[in-house]
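Right, one structure below, let's go through it.
The values are calculated or read from the model by the stated rules, or taken from the named source; none is laboratory data. What you see is a predicted model, and the numbers here were worked out from it, not measured in a lab. Reconstructed Cβ throughout: ideal geometry from the backbone, glycine too, with neighbour counts over all protein chains shown. Please note that ligands, DNA and RNA were not included when accessible areas were found on the heavy atoms of the full protein model with its side chains. Shrake-Rupley method; radii C 1.70, N 1.55, O 1.52, S 1.80 Å.
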Amino acid sequence: MSTSTTSAPPGTEDSPPARAAPRRRGRAPARTGWRRALRRDWQLYSLAVLPLLFFLVFRYLPMIGNVIAFRRFEPGGSIFGEDWVGLRYVEMFLSDPTFWQVFRNTLWIGGLTLLFCFPVPIVLALLLNEVRRRSLKRFVQSVSYLPHFLSIVIVAGITMQMLASDGPVNHVLGWLGHEPVRFIQEPEWFRTIYVGSEIWQTAGWGTILYLAALTTIDEDLYEAARIDGANRWQQIWHVTLPGIRPTMVTLLILNIGTFMVVGFEKVLLLYNPLTYPTADVISTYVYRSGVESNSFSYAAAIGLFEAIIGLVLITSANQLSRRTVGTSLW
């Protein structure tokens, strides 16, 4: 009995099966990824709606009003000004000697605030981190946090009462045989008073981020440093400070960005015409020019100039930090 077999065409024996053409991966998953995440976690994303609306309404929409820096604005007229005047108001404040005095005062107070108010929370956080008694640590934290929750009006009132001619500070100076000092009326004392009150109000609250950053440092690093014979100061310098360096750099960049925005409310509450030579800053000068003198276009031009300087400062600080330290905001 014979069986019939069909022979394959020549050249096709043992040929591997044909492979399907590879499909090109589209970008559909990437495009729909954020939609899927939005549908899955819409409750969490909805929490960001109110903050976004706040910044939109109170931060970004008012930027449209900067157009009056280049237009002549009259109360009761159009909110975008009446006539286009170009750089007239910019030339006015650049040629005004009072503006340059105010500009120098802003640089002085901003520089002193950055120089003293930035490192104090770091030092305080390092000291609190070394405290082993939990009750003492909590007491110091509570006392140092308290001034942050006081209104600026209360802080200014306490400062003025303490430094008044018949205040406690002058009473102590009298007991030591010194004449009373008019701290509030003397221009040369204003910067010291402002920076001192700023340190007292913000130092404790500023330690929160640094204390949180200290908890992320691995304890094995301290153990390795102790094995190598490092003392407490060497552990702080070689382990603790490098561990919180990203937090320090981030806060430094943010502080540099607000370098020109010296506390308007506190300066307005503490200064007086006698201390204008050292106390008057850009924000208070803009307030008097715009609100009290009704020169809104002139004040808007100065405010826009201040904002541009702040943008340049924070951008430059961010680029410098990225190149030198490797940490940046964006």
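With protein chains left intact and a 1.4 Å probe, residues in the chain average 67 Å² of accessible area per residue. The portion of the accessible surface of the range 210-300 made up by carbon and sulfur, rounded to a whole percent, is 62 (1.4 Å probe; DNA, RNA and ligands excluded). Normalised by the number of residues in the chain, the average gap of Cα pairs under 8 Å and 6 or more apart makes the relative contact order 22 percent. With only Cα atoms counted, the range 189-323 has Rg and Dmax values of 20.8, 69 Å. When the chain is described by a simple charge dipole with +1 on each Lys and Arg Cβ and -1 on each Asp and Glu Cβ, the residue from Gly303, Trp108, Leu127 located farthest towards its positive end is Leu127.
Using 0.36 nm per residue and subtracting the Cα-Cα separation, the extra length available between Glu292 and Ile64 on full extension is 79.8 nm. The charge dipole of the range 147-244, taken about the Cα centre with unit charges on the Cβ atoms of Lys, Arg (+1) and Asp, Glu (-1), comes to about 220 debye, rounded to the nearest 20. Working from Cα pairs under 8 Å separated by at least six residues, relative contact order for the range 33-107 is 16 percent. Net charge dipole, the chain: roughly 1540 debye, given to the nearest 20, about the Cα centre with Cβ charges of +1 for Lys and Arg and -1 for Asp and Glu. Between the beta carbons of Leu87 and Leu53, assuming R0 = 41 Å, the FRET efficiency works out to 0.75 to the nearest 0.05. So which residue, out of Ser142, Ser295, Ser46, gets the largest mean-square fluctuation from a GNM of the chain using Cα contacts under 10 Å as springs? Taking springs between Cα atoms under 10 Å, the residue moving most is Ser46.
Among Val181, Leu52, Ser289, whose Cα sits farthest toward the positive end of the charge dipole of the chain (+1 at Cβ of Lys/Arg, -1 at Cβ of Asp/Glu, about the Cα centre)? The one lying farthest along the dipole's positive direction is Leu52.
When Rg and the Kirkwood Rh are both derived from Cα coordinates, the Rg/Rh ratio for the chain amounts to 1.22.
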